[in-house]
1. Is there a quick way to get the dipole size of the chain? I mean about its Cα centre, with the Cβ of Lys and Arg at +1 and of Asp and Glu at -1; what is the value in debye to the nearest 20?
2. State, in angstrom, two size descriptors of the chain derived from its alpha carbons: Rg to one decimal place and Dmax to the nearest whole number.
3. Sorted from largest down, give the three principal axis spans of the alpha carbons of the stretch 127-241, whole angstrom values.
4. Can you list the trypsin sites (Lys or Arg not before Pro) in the stretch 110-219 that are in a DSSP coil and have 16 or fewer other beta carbons within 10 angstrom?
5. Can you tell me the relative contact order of the chain? Whole percent, Cα pairs under 8 Å, sequence separation 6 or more.
6. Each label point is 7 Å from the Cα along the Cα-to-Cβ direction; what then is the distance between the points at ARG105 and THR224, in nm?
7. Want the number for ALA236 to TYR58: 0.36 nm per residue separation, take away the alpha-carbon distance, what's left?
8. Compute the Cα gyration tensor for the stretch 48-95, then decide on rounded, prolate or oblate, letting a ≥ b ≥ c be the square roots of its eigenvalues: rounded whenever a/c is under 1.5, prolate when a/b is larger than b/c in the other cases, and oblate in all that remain.
Amino acid sequence: MGRLTVRDILKMKGSRKIVMITAYDYPTAKLVDEAGVDMVLVGDSLGMVVYGFPSTHYVTMDMMVLHTSAVSRAVKRAMVVADMPFLSYEHSRREAVLNAGKLVRAGADAVKLEGGVEIADKVEAIVKAGIPVVGHIGLTPQRYLVLGGYRKRGKTVEDAKRIIEDAKALEEAGAFAIVIEFTAEEVAAEITRRLNIPTICIGSGRYCDGQVLVLHDVIGLSETPPPFAKRYANVAKLILEAVRSYAEEVRKGLFPSEEHVFHMEKKQS
Ligand code: KIV
């Protein structure tokens, strides 16, 4: 059995919730796939949660290609979606298609772009080139400077109308799913009703076709998780305990013990 396809994801709309989570490297991608998620997102959030940059603006195509290839080598069943980083698709349709192609060659099954009406022509070009596209509307972190920060979207009727227009433009351009981030629940629910393609929400309420979270927020490895994320484990605590125990055993001369050392063959010693 290969990975889930666009057709499989489309069929889930209205029949069962879609589960998406981020992963950025081989071991965690292997684990999230084994846990049975439907889509693994190689998100540009890696700039912040893996590299410690203050925003996703520092993420380059080279970084995304490398992380996408690591994730792709690990994932057997889920669909692998790779984020197109800041300034890799905004300038021209040609540049958007060429960069989307690099992510597919690295092992992505689809790419994700942030933006609505203003990038619909790039989405259309990428889909025409044969590459499936996931849209991303509502809060679009790559545009936090013009949005005035990481602010909630869809609080007013005007903003709600803008986000609904973005969703419609992306569906018309050929996107097969849309991530809706940090948007009022009513707005995400309305988009979910109006579109034929699935909506996958993060911080946008309960009435979407699926949910996505950042792995580091889920497992307790983020320093400042967003208010809408839920922590299901405390891996930071486990790492601290393990490394403290290791350090203590080294200092006390307890590690390595007999079981972790090897000796010369008897006749030579
Ligand atoms: O980069 C990312 O992790 C994302 C999610 C927040 C959806 O785009």
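Values in this text are rule-based calculations from the coordinates and carry no lab data. The shown structure was predicted, so the numbers you read here are calculated from the model rather than taken from an experiment. Positions of Cβ are backbone-derived with ideal geometry, glycine not excepted, and every protein chain shown enters the neighbour counts.
1. Charge dipole of the chain: 440 debye, to the nearest 20.
2. In Å, with Rg to one decimal and Dmax whole: 21.2, 85.
3. Its Cα atoms span 51, 36, 28 Å along the three principal axes.
4. Of the trypsin sites (Lys or Arg not before Pro), the ones in loops of the stretch 110-219 whose Cβ has at most 16 other Cβ atoms within 10 Å are ARG151, LYS152, LYS155, ARG206.
5. Rounded, it is 15 percent for the chain.
6. Once both label points are built, they end up 3.8 nm from each other.
7. Gain on extension, ALA236 to TYR58, equals 61.6 nm.
8. Oblate, since a/c reaches 1.5 and b/c is not below a/b.
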